[in-house]
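The structure under discussion appears below in the form of structure tokens.
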Amino acid sequence: MAEKGKAAALRRAQKHIERRKTAGIIVRYAVLIIVGIFMVYPLVWMVGAAFKPNNEIFTSLNPVAADPTLDGFQNAVKPSSYGLTIWRALLNTYSYVIPEVILTVISATLTAYGFARFKFKGHDALFGLMLAMLFLPQVVMNVPQYMMYRKFGWVGSKLYLPLIVPTAFATESYFVFMLVQFLRSIPKELDEAAKIDGCNSLQILVKIIVPMLRPSLVSVALFKFMWSCNDFLGPLLYVTDKMKYPATIYVKRFMDADAGVSWNSVLACSLISIIPNIMIFFLAQNQFVEGIAAGGVKG
């Protein structure tokens, strides 16, 4: 009888544990669903509002248009008063964003490789200084940078020099730090084995380190791509030719203080401009998540 009682008590305990696990799973998924709704709803609302007339946009939280219209998209694709279209603005955007991404990945990789694999005079001081730059707001640098680039004759450059050139010097400290963290998790024995096979430092980087860094490099590229595409202040300061305006500034043409703001055109133009970003993210999301996780837990 005692053994039967113990078995019954054990079954009850197991059922209780299973119920607690099930309740925990339900709570977690409920929280995730609620947070997901709050995160996704603004995007869903923006898509729906792009099809609404202006007088309907701010009258309801319902993303579904009561009286759908394509006026916003028709205005978005029309040429501006100075001849620029959204398609040319997107082309302008990617003409400096892609070089920025490439140069950022190369410069951040070289700098991180130097900090993670070599010891030199002032190594710790320079690494600490680089980390300190993470806490320096970009707005603090805008005035001195603008004065410097103006002396260089780069303001108004048709090649977007003030936006592209700095990325060749690993100015994004966050990316360098992230790659250093990942590099520290790669055994140095691989470098030594490659040296025995006759590889120099650059060959070790290209043939051994870079293939192992690929997830983190994808993360760096995606972050930089999104940040550069969303940058408004940089092009506003350094781009003076209206035909060279990127999409972030092109949207501003629908915000006329005299005629009023055409919100459906603003939302339609914004929607058109972010579609390539969303597509690129979903194409590379697996490596993006893997790179963020690897860079975050290694050290």
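Would you mind stating whether Leu103 is buried (at least 18 other Cβ atoms within 10 Å of the Cβ) and not acidic (Asp, Glu)?
On the way: buried (at least 18 other Cβ atoms within 10 Å of the Cβ): yes; not acidic (Asp, Glu): yes.
In short, yes.
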- Message: Among the residues of region 121-134, are any under 24 Å from Trp227 (Cα atoms) and not in a helix (DSSP H, G or I)?
- Response: no
- Task: Examine region 114-132 for a residue that is touching an Asp or Glu at 6+ places or on another chain (Cβ under 9 Å) and at negative phi, and state whether such a residue exists.
- Result: yes
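Take the residues of region 281-299 that are assigned to a helix (DSSP H, G or I) and among the aliphatic types (A, V, I, L, M): which is modelled with the lowest pLDDT? Can you show your working first?
Taking region 281-299 and keeping what is assigned to a helix (DSSP H, G or I), we get 281-283, 285-297.
Subset that is among the aliphatic types (A, V, I, L, M): 283, 289, 292-294, 297.
Numbers: Leu283: 81, Val289: 66, Ile292: 58, Ala293: 59, Ala294: 57, Val297: 44.
Applying the filter and picking the extreme gives Val297.
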- Query: Is there any pair with a first residue in region 267-280 that is small (Gly, Ala, Ser) and a second that is surrounded by 15 or more Cβ atoms within 10 Å (Cβ to Cβ) and not in a helix (DSSP H, G or I) whose Cβ atoms are under 7 Å apart and which are 6 or more apart or on different chains, and what are they?
  - Reply: Ala268/Ala50
- Take the residues of region 206-220 that are buried (at least 21 other Cβ atoms within 10 Å of the Cβ) and under 11 Å from the mean Cα position of the chain (by Cα): which is farthest from Ser107 (Cα to Cα)? Ser219
- Filter result for Ala89 (buried (at least 21 other Cβ atoms within 10 Å of the Cβ), in a helix (DSSP H, G or I) and among the small types (Gly, Ala, Ser)): yes
- Subset of region 221-244 that is among the hydroxyl-bearing types (Ser, Thr, Tyr) and in contact with a helix residue (DSSP H, G or I) (Cβ under 6 Å, 6 or more places away or on another chain) - its residue that is surrounded by the most Cβ atoms within 10 Å (Cβ to Cβ): Ser228
- Of (1) open to solvent by 80 Å² or more (accessible area, probe 1.4 Å); (2) within 17 Å of Val251 (Cβ to Cβ), Arg12 fails just (2)
- Query: Counting only residues that are within 29 Å of the chain's Cα centre (by Cα) and either polar (S, T, N, Q) or in a helix (DSSP H, G or I) (or both), how many does region 13-61 have?
  - Reply: 23
- Report, by residue number, each residue of region 84-135 that is of a type in the set (Gly, Ala, Ser) and more than 19 Å from Leu233 (Cα to Cα). Ser107, Ala108, Ala112, Gly114, Ala116, Gly122, Ala125, Gly128, Ala132
- Note on the structure: Filtering region 159-199 down to residues that are open to solvent by 60 Å² or more (accessible area, probe 1.4 Å) and either within 25 Å of the chain's Cα centre (by Cα) or modelled with pLDDT of 90 or more (or both) yields Leu159, Phe169, Thr171, Tyr174, Phe177, Arg184
- Looking only at region 62-81, count how many residues are part of a loop (DSSP other than H, G, I, E, B), open to solvent by 50 Å² or more (accessible area, probe 1.4 Å) and not acidic (Asp, Glu). 8
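Kindly indicate whether Met255 is loosely packed, with under 14 Cβ neighbours inside 10 Å and in contact with a Leu (Cβ under 9 Å, 6 or more places away or on another chain). Please lay out each step first, then the result.
On the way: loosely packed, with under 14 Cβ neighbours inside 10 Å: yes; in contact with a Leu (Cβ under 9 Å, 6 or more places away or on another chain): no.
Considered against the rule, which asks whether it is loosely packed, with under 14 Cβ neighbours inside 10 Å and in contact with a Leu (Cβ under 9 Å, 6 or more places away or on another chain), Met255 comes out as no.
When the residues of region 112-130 are narrowed to those that are among the small types (Gly, Ala, Ser) and either modelled with pLDDT of 90 or more or within 25 Å of the chain's Cα centre (by Cα) (or both), which ends up most open to solvent (accessible area, probe 1.4 Å)? Full working, then the answer.
So the first thing to find is which residues in region 112-130 are among the small types (Gly, Ala, Ser), and the list is 112, 114, 116, 122, 125, 128.
Right, trim to either modelled with pLDDT of 90 or more or within 25 Å of the chain's Cα centre (by Cα) (or both) and you get 112, 114, 116, 125, 128.
Numbers: Ala112: 0, Gly114: 18, Ala116: 15, Ala125: 72, Gly128: 37 Å².
Among them, the one singled out is Ala125.
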- Cβ-Cβ under 8 Å pairs, at least 6 apart or on other chains, region 147-172 side touching a residue at least 24 places away in the same chain (Cβ under 8 Å), far side among the polar types (S, T, N, Q) and open to solvent by 50 Å² or more (accessible area, probe 1.4 Å): Val155/Thr240; Gly156/Thr240; Tyr160/Ser95
- Query: For residues in region 143-158 being in contact with a helix residue (DSSP H, G or I) (Cβ under 7 Å, 6 or more places away or on another chain) and open to solvent by 30 Å² or more (accessible area, probe 1.4 Å), which is nearest to Leu126 (Cα to Cα)?
  - Reply: Tyr146
- Check whether at least one residue in region 257-280 is modelled with pLDDT under 90 and touching a strand residue (DSSP E or B) at 6+ places or on another chain (Cβ under 6 Å), and report yes or no. yes
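The values are calculated or read from the model by the stated rules, or taken from the named source; none is laboratory data. Nothing here was measured: the structure is a model prediction, and the numbers come from that model. Virtual Cβ from ideal backbone geometry, glycine too; neighbours counted across all protein chains shown. Surface accessibility is based on the protein's heavy atoms, side chains included, excluding ligands, DNA and RNA. Shrake-Rupley method; radii C 1.70, N 1.55, O 1.52, S 1.80 Å.
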